[in-house]
Amino acid sequence: VGRPNKRGKSASNDREANRAYHDRVAGRYDQIYQGPRWDVWYELSYAGVKPYLPVNLRDPVLDLGCGTGYFGLKMARSGYDTTFSDLSIGMLEAARRKVEEQGLTERAQFLQADIMDLSALPENHFALAVAQGDVLSFATHPPHALKEIRRVLQPGGVLVASVDQTYAALEHYAEKGDLDGLDDLIRTQEMQWLARDQRERFTVRTFTPNAIRDFLEKAGFELLDLFGKTVLNLKTLEPVLDDPASRRKVIALEKKLHRRSDALGLASHLQFAARLRP
Ligand SMILES: C[S@@+](CC[C@H](N)C(=O)[O-])C[C@H]1O[C@@H](n2cnc3c(N)ncnc32)[C@H](O)[C@@H]1O
């Protein structure tokens with residue numbers, strides 16, 4: 001867990017910077033990610049979770065890197081016993097407040113934990129784990145985080161997660177003319193979270209579609225679904241998303257495109273569902 005990343009920064013520096021950043025933004029996170037663009041984003045994200053909700057309402061589910069609780073709240077509202085977990089106590093508190101407001105306390109547990117260490121959770125327990133919004137990209141060593149998830153999933157349990165996509169990140173450095181950044185990204189698949197404050201900068205691990213396949217296979221998971229999120233650039237399309245009919249059209253077009261294997265490299269993120277081989 002204490003190993004340096006490919007740029008030599010220590011994992012604990014990265015973790016503290018990551019925690020500091022997320023603690024600071026927790027209070028305004030929902031405000032940052034509101035509006036039609038993010039409604040479309042969350043609708044597409046949840047459409048990739050829904051098919052994997054356990055058939056049995058008594059099966060417990062886990063929201064890793066729950067943030068302010070979007071996915072966990074949806075699952076708790078559907079009737080599942082839901083564990084909300086996050087590295088940031090600020091995020092966890094925001095999720096807890098919503099759970100209380102929505103009268104879901106009886107169905108919710110909270111755990112402050114790094115996805116790199118889920119030892120506080122029981123083994124073979126959850127039928128579904130959700131890790132949306134880059135939590136695996138923020139982990140200091142994603143293969144280790146995946147082992148932790150494997151331990152807490154029931155045999156045959158499912159993980160639905162989204163991560164940053166390597167080829168979309170190229171543009172981020174190209175725009176700035178940052179050739180060293182480009183070189184690093186191509187060599188290591190790692191990039192830096194560019195918070196203004198140096199103490200909030202941390203390493204983000206990106207994945208290509210093939211890297212996802214390899215990553216899951218090695219950890220004993222069977223890939224069930226992989227799509228780009230999003231292949232259409234929702235930021236560019238933002239001006240048309242205020243109109244509900246256009247918004248539906250964009251969602252329909254995105255769904256036509258986002259499982260085409262040769263379009264995956266256009267998406268800023270990749271979302272996958274994978275079943276733990278029994
Ligand atoms: C982009 S937000 C996504 C929040 C939520 N899942 C969503 O999709 O709305 C990423 C979340 O992951 C949490 N996080 C980052 N690194 C983590 C880690 N190593 N372990 C657990 N949670 C982490 C952050 O605190 C933050 O709440």
Other-chain or far-sequence residues with amide H under 5 Å of residue 222's (modelled H) = 275, 276, 277
For segment 62-77 and segment 159-215, what is the separation of their C-alpha centers, rounded to whole Å?
-> 25
If you wrap the chain's Cα atoms in a convex hull and average its projection over all directions, what's the area in nm²?
-> 14.3
Given H placed on each backbone N at 1.01 Å, which residues far from residue 113 in sequence or on other chains put an amide H within less than 5 Å of it?
-> 86, 87
Once amide H atoms are placed 1.01 Å from N in the peptide plane, what residues at a sequence separation of 5 or more from residue 125, or on another chain, have their amide H within under 5 Å of its amide H?
-> 153, 154
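For segment 77-127, what does the alpha-carbon gyration tensor say about shape, rounded, prolate or oblate, given a ≥ b ≥ c as the root eigenvalues, a/c under 1.5 as rounded, and a/b over b/c as prolate?
oblate
Report the antiparallel proportion of the DSSP beta bridges in the chain as a percent, rounded to a multiple of 5.
If we restrict to bridges inside the chain, about 50 percent are antiparallel.
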GNM top mover of 263, 108, 169 - the chain, alpha-carbon springs below 10 Å | 263
Using θ = phi - 60° and Karplus 6.51 cos²θ - 1.76 cosθ + 1.60, couplings along segment 126-135 (whole Hz; Gly, Pro as x) = 8, 7, 9, 10, 10, 9, 8, x, 6, 4
For segment 207-218, what does the Karplus curve 6.51 cos²θ - 1.76 cosθ + 1.60, with θ = phi - 60°, yield as ³J(HN,Hα) per residue in whole Hz, taken in order and with x for Gly and Pro?
-> 10, 8, x, 5, 5, 4, 4, 5, 4, 6, 4, 4
Aspartates and glutamates near residue 235 by alpha-carbon distance under 17 Å, same-chain residues fewer than 8 away left out - which ones?
-> 39, 43, 164, 171, 175, 243, 254
Across 226, 237, 216, the residue with the highest GNM fluctuation in the chain (Cα network, 10 Å cutoff) is 237
Which residue, 203, 82, 105, tops the fluctuation ranking in a GNM of the chain built on C-alpha contacts under 10 Å?
-> 105
Between their Cα atoms, which of 74/255; 74/229; 147/256; 176/255; 176/218; 98/147 are more than 28 Å away from each other?
-> 147/256; 176/255; 176/218; 98/147
Rounded to the nearest 0.05, what FRET efficiency do residue 249 and residue 186 have when you use their Cβ-Cβ distance and R0 = 45 Å?
-> 0.80
What nm value, rounded to one decimal, do you get for the distance between residue 194 and residue 208 when each label is placed 7 Å out toward the C-beta?
-> 2.3
What would the Debye formula give as log10 I(q)/I(0) at q = 0.10, 0.16, 0.21 Å⁻¹ for the alpha-carbon point model of segment 18-143, no solvent?
-> -0.29, -0.77, -1.38
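Taking 22 Å as R0, compute the FRET efficiency from the Cβ-Cβ separation of residue 256 and residue 222 and round it to 0.05. Don't skip to the end; give the middle numbers.
On the way: r = 25 Å, r/R0 = 1.16.
Taking R0 as 22 Å, the efficiency between residue 256 and residue 222 is 0.30.
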Carbon and sulfur %, accessible surface of segment 179-261 computed with the full protein complex present, 1.4 Å | 51
Label-point separation in nm, residue 175 to residue 46, each point 7 Å along Cα→Cβ = 2.8
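The values are calculated or read from the model by the stated rules, or taken from the named source; none is laboratory data. The shown structure was predicted, so the numbers you read here are calculated from the model rather than taken from an experiment. Virtual Cβ from ideal backbone geometry, glycine too; neighbours counted across all protein chains shown. What goes into the accessible areas is simple: the full protein's heavy atoms, side chains included, and nothing from ligands, DNA or RNA. Shrake-Rupley method; radii C 1.70, N 1.55, O 1.52, S 1.80 Å.
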